[in-house]
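The structure under discussion appears below in the form of structure tokens.
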Amino acid sequence: MARQGRRTIDVTPSARRLTESLRDIGYDFVSALADIVDNSISADASRVDILLEFDGADSRVVIADDGIGMSRRDLTEALRFGTRRDYKPDDLGRFGLGLKTASISQCRRLTVMSRMALVYKRVAGSTLDLRIVAERDRWSLVEPDPELRSRSMEWLADAPGTVVIWDVLDRVLPAKRSDGAWARRRLEQLAVRAREHLGMVFHRYIEGVSLDVPLVITINGEKVLPWNPFAPEEQDSLILSEQQYEVSSDGVGGVVRAKSCVLPARGQFSSHDEFERLGGPRKWNRQQGFYIYRADRMIQSGGWSGIRAADEHTKLARIALDFDTDLDSLFRINVSKMRASLPSEIRSLIERQVNEVCHAADRRYRGTNSLGHSAETLGAEPRSRTSEPGRLGAGLIAAAMEVGEYEALDRIGKTLRRRSPELADQLGW
Ligand SMILES: Nc1ncnc2c1ncn2[C@@H]1O[C@H](COP(=O)(O)OP(=O)(O)O)[C@@H](O)[C@H]1O
Ligand SMILES: [Mg+2]
């Protein structure tokens with residue numbers, strides 16, 4: 001070892017300064033909550049109850065799960081910035097930071113109570129209070145407040161699990177305005193947004209696609225419903241193609257799966273309400289594009305990642321992109337898991353698939369918007385009227401896309417239209 005024998009100096013970071021700056025690494029309320037729920041999923045929870053309790057300056061957020069829980073030692077380690085541990089493949093955790101950074105992005109005091117033992121009601125608890133960290137300028141934990149401890153027993157009395165409590169919510173309810181109607185309304189609004197966000201990012205878990213047992217999440221007692229951007233229940237949702245892209249760089253390699261989908265146009269949805277609902281949190285236009293999933297947990301919801309611009313005509317186009325945690329470095333996933341960037345290797349490979357799905361979405365959109373004229377339609381007659389030949393036409397288009405021959409079929413369609421317009425009509429081309 002070349003460096004052996006040289007003098008080293010350890011420079012411990014200032015706890016006061018670092019915790020303050022770590023509060024601003026980019027979480028918002030709902031993404032912070034999602035990061036706490038990630039931990040519950042990693043701990044095999046089947047149920048996560050979230051409460052946003054309004055009580056003026058004493059308001060708090062409680063996130064309780066029925067996962068495997070932690071021993072006292074695990075809990076102390078869990079509260080270390082940069083938890084020391086190994087990760088299983090597909091573990092939703094990554095940096096050993098989420099619990100702390102997500103929490104302090106919203107509050108000044110984080111309390112965690114956890115029970116691991118099945119039989120004994122032994123509960124470990126610890127608190128990270130930024131006011132104490134600042135006062136002592138040390139990475140210190142303290143005993144939890146007795147009231148919070150007894151509160152947590154509501155969840156931990158019968159079985160293992162973990163309760164995370166955020167209070168001194170300075171970022172959620174600024175001190176000057178933490179009382180009164182405004183603050184109460186704000187918490188209510190955040191509960192609504194949280195329901196929407198968690199239903200979206202964890203939809204595969206709630207639907208039970210990713211776990212043996214579907215995950216139940218409640219917010220203020222109300223179940224979070226899954227929001228699946230591909231509307232699998234809608235008969236006219238078209239899965240166009242599924243491609244796999246192999247990527248490797250810097251010694252990491254793996255496969256990214258991409259599934260293109262054209263959603264039904266407005267008139268093809270089973271109901272107007274469903275059409276509105278599928279618009280999603282940012283509405284149709286901005287929800288087109290990539291849905292990037294890391295180990296089944298959604299990281300990006302819509303947007304073309306710079307490959308093209310959002311356009312009203314292509315708003316029915318969505319692509320699910322799936323990668324596993326071994327590709328984390330390629331996707332440059334950040335701590336708050338609010339962003340992943342599309343690796344440049346994939347960018348050029350996927351462009352063709354993007355153009356195809358947008359082309360198909362454009363045709364479907366125009367088809368149903370050209371007032372009864374269905375020449376450019378892609379299986380676009382209203383649901384109740386979609387005929388057998390219409391389904392055949394849509395099926396042929398999907399198959400052509402899957403083998404990368406959409407443009408050829410498009411030429412065939414135009415020729416067919418010239419030679420036998422009724423046939424083309426029937427096929428919905
Ligand atoms: N709800 C929970 N149940 C059990 N263990 C947990 C829970 N939340 C956090 N932990 C433990 O705390 C550790 C640190 O969590 P976190 O700071 O989010 O980092 P990461 O999830 O990246 O490991 C986790 O690795 C896990 O061991
Ligand atoms: Mg985590």
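The values are calculated or read from the model by the stated rules, or taken from the named source; none is laboratory data. Note that the structure is a prediction, hence the values are computed from the model and not measured. All Cβ positions, even for glycine, are placed from backbone atoms using ideal geometry, and neighbour counts span all protein chains on display.
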I'm trying to understand the selection: among the residues of the stretch 53-62, which are buried (at least 22 other Cβ atoms within 10 Å of the Cβ) and closer than 17 Å to A102 by Cβ?
V61
Filter pass, S305 being touching a strand residue (DSSP E or B) at 6+ places or on another chain (Cβ under 8 Å), crowded, with 17+ Cβ neighbours inside 10 Å and among the small types (G, A, S):
yes
Considering every residue within the stretch 112-124, establish whether at least one is closer than 27 Å to D28 by Cβ, within 13 Å of ligand 2 (Cβ to nearest atom) and crowded, with 20+ Cβ neighbours inside 10 Å.
yes
Give the residue, chosen from R204, R195, that is modelled with pLDDT of 95 or more, surrounded by 13 or more Cβ atoms within 10 Å (Cβ to Cβ), touching an Asp or Glu at 6+ places or on another chain (Cβ under 6 Å) and part of a helix (DSSP H, G or I).
R204
Considering each of A102, A117, A134 in turn, give the residue that is closer than 24 Å to A183 by Cα and not basic (K, R).
A102
Restricting attention to the stretch 262-275, which residues are crowded, with 23+ Cβ neighbours inside 10 Å and within 24 Å of the chain's Cα centre (by Cα)?
V262, L263, P264
Quick check: is even one residue across the stretch 83-95 touching a Lys or Arg at 6+ places or on another chain (Cβ under 7 Å), assigned by TED's automatic domain parsing to the domain that holds A194 and among the aliphatic types (A, V, I, L, M)?
yes
Taking the stretch 87-118 and keeping only residues that are more than 10 Å from ligand 1 (Cβ to nearest atom), among the charged types (D, E, K, R) and modelled with pLDDT under 95, one is left with K88, D90
Single match in L240, L278 (criterion: within 19 Å of I292 (Cβ to Cβ), buried (at least 17 other Cβ atoms within 10 Å of the Cβ) and at pLDDT 95 or above):
L278
Please go through the stretch 65-90 and pick out each residue that is closer than 19 Å to P144 by Cβ and either part of a helix (DSSP H, G or I) or more than 16 Å from ligand 2 (Cβ to nearest atom) (or both).
S71, R72, R73, D74, L75, T76, E77, A78
Is it true that some residue in the stretch 65-74 is aliphatic (A, V, I, L, M), surrounded by 20 or more Cβ atoms within 10 Å (Cβ to Cβ) and near ligand 1 (Cβ under 7 Å from one of its atoms)?
yes
Subset of the stretch 32-64 [farther than 23 Å from V123 by Cβ, small (G, A, S) and more than 12 Å from ligand 2 (Cβ to nearest atom)]
G56, A57, S59
Taking the stretch 1-59, which residues are assigned to a loop (DSSP other than H, G, I, E, B), within 16 Å of ligand 1 (Cβ to nearest atom) and in contact with a strand residue (DSSP E or B) (Cβ under 7 Å, 6 or more places away or on another chain)?
A43, A45, S46
Do you know which of the residues in the stretch 321-364 that are without any contact (Cβ under 8 Å) to a residue 40 or more places away in the chain and crowded, with 20+ Cβ neighbours inside 10 Å is nearest to S210 (Cα to Cα)?
F331
Out of G367, G390, G379, which single residue is at pLDDT below 80, surrounded by 16 or more Cβ atoms within 10 Å (Cβ to Cβ) and not in a helix (DSSP H, G or I)?
G379
Which condition number in (1) at pLDDT 95 or above; (2) under 17 Å from D49 (Cα atoms) is the one that M153 fails?
(1)
State whether one or more residues within the stretch 228-248 are assigned to a loop (DSSP other than H, G, I, E, B) and under 22 Å from S42 (Cβ atoms).
no
Taking into account only those residues within the stretch 393-429 that are touching a residue at least 24 places away in the same chain (Cβ under 8 Å) and assigned to a loop (DSSP other than H, G, I, E, B), which is nearest to I239 (Cα to Cα)?
G404
Scan the stretch 101-108 and tell me whether some residue there is of a type in the set (S, T, N, Q) and within 12 Å of ligand 2 (Cβ to nearest atom).
yes
